[in-house]
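For reference, the structure is listed below as structure tokens.
The values are calculated or read from the model by the stated rules, or taken from the named source; none is laboratory data. On a predicted model such as this, the values are computed, not experimentally measured, just so you know. Here the Cβ positions follow ideal geometry from the backbone for every residue, glycine too, while neighbour counts run over all protein chains shown.
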Amino acid sequence: MPLDFGASALEGKTTDDGILVTKENTCNGNGAQTDNLFTITGTVDILNIWAVCTEATNATTISNNSLAIYDGTNTVELTDSNSPTDFAGINVGDCVFKNGASATVAIARQNNDATVLTDLTQTKARVTKKLATATYIRHLFTGDANTDVDVKWYVRYLPVSDDGEIAAV
């Protein structure tokens with residue numbers, strides 16, 4: 001069973017550390033792909049966002065990975081699309097973390113060696129939903145005809161407005 005860092009027990013519960021929401025997603029498709037992972041309502045502070053690979057049937061080509069906020073018209077980077085993370089060769093249990101302030105590069109950690117993560121600082125990102133339009137957290141990547149990777153995404157947030165919420169798509 002892939003690691004979820006004890007997150008399952010906290011899913012959907014409000015704590016001093018925020019509310020945790022998860023989304024299981026299959027990354028497949030040839031060429032540039034966009035998957036809507038979560039919807040945002042109201043205003044929220046995104047505290048952390050990370051993913052754990054749960055299955056890697058074919059991970060030879062899964063490159064140009066980045067995260068963004070999309071409001072139906074505009075895209076705002078959560079991680080730098082000009083320096084995207086390459087997931088090629090990702091294995092079950094490997095983790096990807098959004099690191100640092102908005103638009104910094106996501107970092108990947110493979111589980112084939114013991115690793116101490118000391119660079120997981122993140123400046124919270126305050127996001128407000130666009131009025132009368134669905135607003136999403138998206139995963140953008142490039143695959144090929146054989147790409148087939150399952151990832152479980154985690155987002156931890158705090159509501160800022162009364163209607164502030166993040167939900168899995």
For segment 131-149, enumerate the residues that are in contact (Cβ under 8 Å) with a residue 40 or more places away in the chain and over 12 Å from T26 (Cα atoms).
-> T133, A134, T135, Y136, I137, R138, L140, T142, D144, A145, N146
Count, please, the residues in segment 69-90 that happen to be farther than 18 Å from G143 by Cα, touching a Ser or Thr at 6+ places or on another chain (Cβ under 6 Å) and touching a residue at least 40 places away in the same chain (Cβ under 8 Å).
-> 2
Go through D113, D119, D80 for me and flag whichever is over 16 Å from I46 (Cα atoms), at pLDDT 75 or above and among the acidic types (D, E).
-> D80
If we ask which residues in segment 36-53 are modelled with pLDDT of 95 or more and surrounded by 18 or more Cβ atoms within 10 Å (Cβ to Cβ), their number turns out to be 4
So, in segment 135-169, of the ones that are of a type in the set (D, E, K, R) and assigned to a strand (DSSP E or B), which residue ends up nearest to D17 (Cα to Cα)?
-> R156
